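This report concerns only the one structure given below.
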Amino acid sequence: MTIKSYAKVNIFLKITALRGNFHELNSRFMLVKNLHDTITFVPKQKSDQFSLEGDFGCQTKDNTIYKVYERLKNIPKVEDFFKNYKVVVQKNIPEFAGLGGGSSNCASFLNLTNKVLNLNLSIEEKLQITNPIGSDIAFFIHQVNSANVSGVGEIVEVFEEDLLDIKTFTPHIKCSTKEVYQTYRKEFLNFDKNLADKLMGLKSDKILEEFNSHELNDLLPPALFLYPELSEYLDGKFFSGSGSTVFWI
């Protein structure tokens with residue numbers, strides 16, 4: 001009982017409005033099929049304790065897999081199953097890197113649990129479970145290669161295009177998503193709604209041919225402000241999410 005939990009990149013990320021403490025955006029998410037974690041359900045000695053194993057950069061209670069389990073365990077057969085099985089995650093996706101590893105793990109765990117236990121949860125029901133955990137999870141719940149994502153990440157519209165051969169590099173720089181967004185709001189607040197809307201209609205390969213990383217990702221300026229050493233890794237490459245990963249085709 002195993003599932004691959006793929007990384008993603010943001011082909012573009014344009015902030016279009018503020019919604020309280022949140023930021024509304026237009027973005028294109030695309031899976032990176034050559035980079036994934038692996039989630040496996042492994043038999044264990046029976047225990048009431050939920051068991052999660054993996055090389056995580058956070059405590060178990062803060063892990064997205066644990067959070068979604070906490071929202072599922074009121075279903076009797078879910079709690080019973082995980083008394084007899086542990087969750088083992090082989091981590092390959094760098095953390096704090098703009099690749100959506102935690103969101104992908106959360107969605108993949110839920111999708112595998114749904115399949116193995118025949119829960120028959122609809123996409124809408126899965127989204128109700130995961131939306132309080134994180135808005136980026138919605139993209140991974142849909143299990144598509146490419147999508148336009150808007151709102152605060154909860155609106156996912158499949159975008160029909162070929163999956164690109166994306167290569168990634170993540171420098172040893174841990175970007176704080178919270179600090180990058182706060183710095184954007186304080187120092188770089190600007191909405192280019194026309195470009196944001198235009199990009200939603202273009203294919204990803206065309207976007208990457210016609211625009212540069214500064215035009216495509218509104219979080220790049222605040223990330224460079226906080227972590228100026230990022231600049232040495234850009235050189236014709238593109239910037240995913242709030243960083244620190246750069247990518248190219």
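None of the figures in this text is laboratory data; all of them are computed from the coordinates on show. Computed from a predicted structure; not experimentally measured. Neighbour counts run over all protein chains shown; Cβ positions are idealised from the backbone, glycine included.
Would you work out the charge dipole size for the chain about its Cα centre, treating the Cβ of every Lys and Arg as +1 and the Cβ of every Asp and Glu as -1, and quote it to the nearest 20 debye?
It comes to approximately 820 debye.
How much length, in nm to one decimal, is gained on full extension between Val116 and Asp205, taken as 0.36 nm per residue of separation minus their Cα-Cα distance?
Working it through step by step, the gained length comes to 28.4 nm.
By DSSP, what percent of the beta bridges with both residues in segment 2-248 are antiparallel, rounded to the nearest 5?
So the antiparallel bridges in segment 2-248 amount to around 90 percent.
With everything on Cα atoms, drop me the angle between helix 177-187 and the longest principal axis of the chain, reported from 0 to 90° to the nearest 10.
Approximately 30 degrees, to the nearest 10.
Which of (1) 63, 49, 35; (2) 45, 41, 37; (3) 54, 37, 34 is the computed Cα extents along the principal axes in Å for the structure on display?
Evaluating Cα extents along the principal axes in Å on these atoms matches (3).
Note down the relative contact order for the chain as a percent, whole number, built from C-alpha pairs under 8 angstrom at least six residues apart.
26
For the pair Gln128 and Gln182, how long in nm is the line joining their label points, each one 7 Å along Cα→Cβ?
Going by the 7 Å Cα→Cβ label model, 3.5 nm.
Excluding residues on the same chain fewer than 8 positions from Lys203, give the lysines whose Cα lies under 29 Å from its Cα.
Within the straight-line cut-off, Lys203 pairs with Lys4, Lys8, Lys14, Lys33, Lys126, Lys167, Lys193, Lys237.
Test of understanding: ordering Ile173, Ile137 by Cβ neighbours within 10 Å, fewest first, what list do you get?
So the ranking, lowest neighbour count to highest, is Ile173, Ile137.
Ranking request for peptides 222-231, 140-149, 157-166: highest mean number of other beta-carbon atoms within 10 Å first, then the rest in descending order.
140-149, 222-231, 157-166
Label points 7 Å out from Cα along the Cβ direction at Glu95 and Glu232: separation in nm?
Each label point is offset 7 Å from its Cα along the Cβ direction, giving 2.5 nm.
Would you calculate the separation in nanometres between label points at Arg71 and His214, each defined as 7 Å from the Cα along the Cα-to-beta-carbon direction?
3.9
Net charge near Ser47, counting Lys/Arg +1 and Asp/Glu -1 over other residues with Cβ under 9 Å of its Cβ?
Once all neighbours under 9 Å are counted, the net charge is +3.
As a footprinting exposure proxy, order Ser51, Ser104 by other Cβ within 10 Å, with the fewest listed first.
Ser51, Ser104
Can you find, among Phe139, Thr64, Leu31, the residue farthest towards the positive end of the dipole of the chain? Put +1 on the C-beta of Lys and Arg, -1 on that of Asp and Glu.
So the residue we want is Thr64.
What FRET efficiency do you get for Asp80 and Asp55 if R0 is 35 Å and r is their Cβ-Cβ distance, rounded to the nearest 0.05?
The computed FRET efficiency comes out at 0.80.
With a 10 Å Cβ neighbour count serving as the proxy for reagent exposure, in which order, fewest first, do Cys58, Cys175, Cys106 appear?
Ranked by crowding around the Cβ, least crowded first: Cys58, Cys175, Cys106.
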